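Single-structure report; data block below.
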Amino acid sequence: MAAQPIVIFPNGGWKGIPPFQQGWLEGFAQKRKLLALADDAPDPIEQLSLEQLGTVEWSNVSAIVMHPAWVHIVVPLKPRCLIAMLPAPEQAEEEIWTKCRSWLCAYSTLVVAGSEALYLEQSFRRGSVFLMDGLDETSDLFARQAVEWHIDGFESDTLIRLQQRHRANWRNELLQKQEQAADASSNGYADGLFYHSIYRYLTGEADFARRQLLAAFEQMLLEGRANTLQNVYRFLSAIELEQGRLPEAVRTYGYTAHGETEWRDAEQLTDWLASGKRELAKAQLYRLNDDYRKAAAVLEPLADDPEAKTLLIATYIQMGRLQSALALGEPGHWQSAGDHRQWQHLKGMTLLLEGKRHDAIHSFMTAGENRQEELNGMIELAVMDGVSRELTRGNKEAH
């Protein structure tokens, strides 16, 4: 059987693709048909325009998407494989791209992150996530192999575990080198301890993760870091959940709570624990530690319970899983006009990602029919349309 084609949706023409990825992607053209929405695509890569997308038999095609602005164009096409291969977010980027990135990753069949921060964020939201940042050849090799396996129809679960284990060991080796060089007072050392703790959490080594986290917390206190309770120590509550220590986890979160919202969250956790609603407390603690994937796993069997349903809808929205959130229905406590406008906007975006552009626009208009400033969905759609066209041009800077 002939190898199935690949379509690249780039980040500012072919020249917008990072150099360490260009050669590897061009190598695909030696084995299968490779197309790109780029006016500067080199031979033998075939150039494809936006107007030609309807001529492609997407059920036999793998799409590699390299900018969030493509989400409303690619997702409705329903390619056989949808691979999000995204660079690190820009500093102080516009909120629209944060949301589009979340949606694109949620609807993708595989995610390849271009930075460690994005990689860890997505690892807490979904499976099939890899890191390819050009900084570690072994780590990049796992990611490249995962993409090739995925395109050829093979599972990559083994590679996920191997890369996580490699990253944990890589972090550990860096820490040991710093210790041997008597460089433990550097800023990078404390951060390395924290990242190492997160990797050990992902690999299921909760005891190891706890030791590294407490060491990171101690080092950051010595350095006089700000907000270490909220930014570092709080993660101990997620580790304690993994150790089966729910009451201790609730107390740990309480120690770190700051401000009225977090104090209310801590009080709610205590009330749920006291009233025997342990699974709600557990799911909320995972959410408060940004581990939405585990929160959803706890909440899904409880979706008939109104409190669990509300938490699950909020969790799905945070994960970018708009269709899943919409399928559960509008939360009963969303009574205000603003709440209903928010739900209508969510419905519009879900319809847009299903390829129902006309219905999506109608939902956006409904959300803003009484308030001109609520036409956010229409504005976002116009921005996404404009930027996606610019991204095909090699002489344009990526947004």
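The values are calculated or read from the model by the stated rules, or taken from the named source; none is laboratory data. Just so you know, these numbers come straight off a predicted model, no measurement behind them. So basically every Cβ, Gly included, is an ideal-geometry build from the backbone, and we count neighbours across all protein chains shown.
Structure summary
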| item | result |
| --- | --- |
| Qualifying residue in the stretch 252-273 (condition: among the acidic types (Asp, Glu), more than 28 Å from Ala327 (Cβ to Cβ) and not in a helix (DSSP H, G or I)) | no |
| Residues satisfying the stated conditions in the stretch 67-112, i.e. small (Gly, Ala, Ser), farther than 22 Å from Ala146 by Cα and crowded, with 17+ Cβ neighbours inside 10 Å | Ala69 |
| Enumeration of residues in the stretch 134-166 that are surrounded by fewer than 20 Cβ atoms within 10 Å (Cβ to Cβ), of a type outside the set (Phe, Trp, Tyr), in a loop (DSSP other than H, G, I, E, B) and at negative phi | Leu135, Asp136, Asp152, Glu155 |
| When residues of the stretch 20-53 are limited to those that are part of a helix (DSSP H, G or I), free of Cβ contacts under 8 Å to residues at least 12 places away in the same chain and of a type outside the set (Asp, Glu), the one nearest to Trp149 (Cα to Cα) | Gly27 |
| Near pairs, Cβ below 9 angstrom, 6+ apart or cross-chain, from the stretch 359-380 (more than 17 Å from Glu95 (Cβ to Cβ) and of a type in the set (D, E, K, R)) to any residue that is assigned to a helix (DSSP H, G or I) and at pLDDT below 85 | Arg371/Ala337; Arg371/Arg341 |
| Cross-chain or 6+ apart pairs with Cβ under 9 Å, the stretch 265-281 first and farther than 14 Å from Ala308 by Cβ and among the small types (Gly, Ala, Ser), then at pLDDT 95 or above and part of a loop (DSSP other than H, G, I, E, B) | Ala266/Ala257 |
| Arg225, sole failed condition from (1) touching a residue at least 24 places away in the same chain (Cβ under 8 Å); (2) over 20 Å from Tyr255 (Cα atoms) | (2) |
| Ala69 vs. criteria more than 19 Å from Leu381 (Cα to Cα) and either among the aliphatic types (A, V, I, L, M) or not in a loop (DSSP other than H, G, I, E, B) (or both) | no |
| Cross-chain or 6+ apart pairs with Cβ under 7 Å, the stretch 8-19 first and closer than 16 Å to Gly114 by Cα, then of a type outside the set (A, V, I, L, M) and buried (at least 22 other Cβ atoms within 10 Å of the Cβ) | Phe9/Trp70; Asn11/His67; Gly16/Pro10; Ile17/Pro10; Ile17/Asn11 |
| Failed item, numbered, when Gln4 is tested on (1) more than 24 Å from Arg357 (Cα to Cα); (2) out of contact with any helix residue (DSSP H, G or I) (no Cβ under 7 Å at 6 or more places or on another chain); (3) buried (at least 17 other Cβ atoms within 10 Å of the Cβ); (4) touching a residue at least 40 places away in the same chain (Cβ under 8 Å) | (2) |
| Residue within the stretch 140-156 that is of a type outside the set (S, T, N, Q), over 24 Å from Ala3 (Cα atoms) and in contact with a His (Cβ under 9 Å, 6 or more places away or on another chain) present | no |
| Within the stretch 54-66, tally of residues that are buried (at least 22 other Cβ atoms within 10 Å of the Cβ) and either part of a helix (DSSP H, G or I) or more than 19 Å from the chain's Cα centre (by Cα) (or both) | 1 |
| Within the stretch 15-33, tally of residues that are surrounded by 22 or more Cβ atoms within 10 Å (Cβ to Cβ) and over 20 Å from Asp140 (Cα atoms) | 0 |
| Condition broken by Val61, with the remaining ones in (1) more than 14 Å from Val74 (Cα to Cα); (2) touching a Pro at 6+ places or on another chain (Cβ under 7 Å); (3) in contact (Cβ under 8 Å) with a residue 24 or more places away in the chain satisfied | (1) |
| Residue in the stretch 109-121 that is farther than 16 Å from Tyr292 by Cα, more than 10 Å from the chain's Cα centre (by Cα) and among the polar types (S, T, N, Q) present | yes |
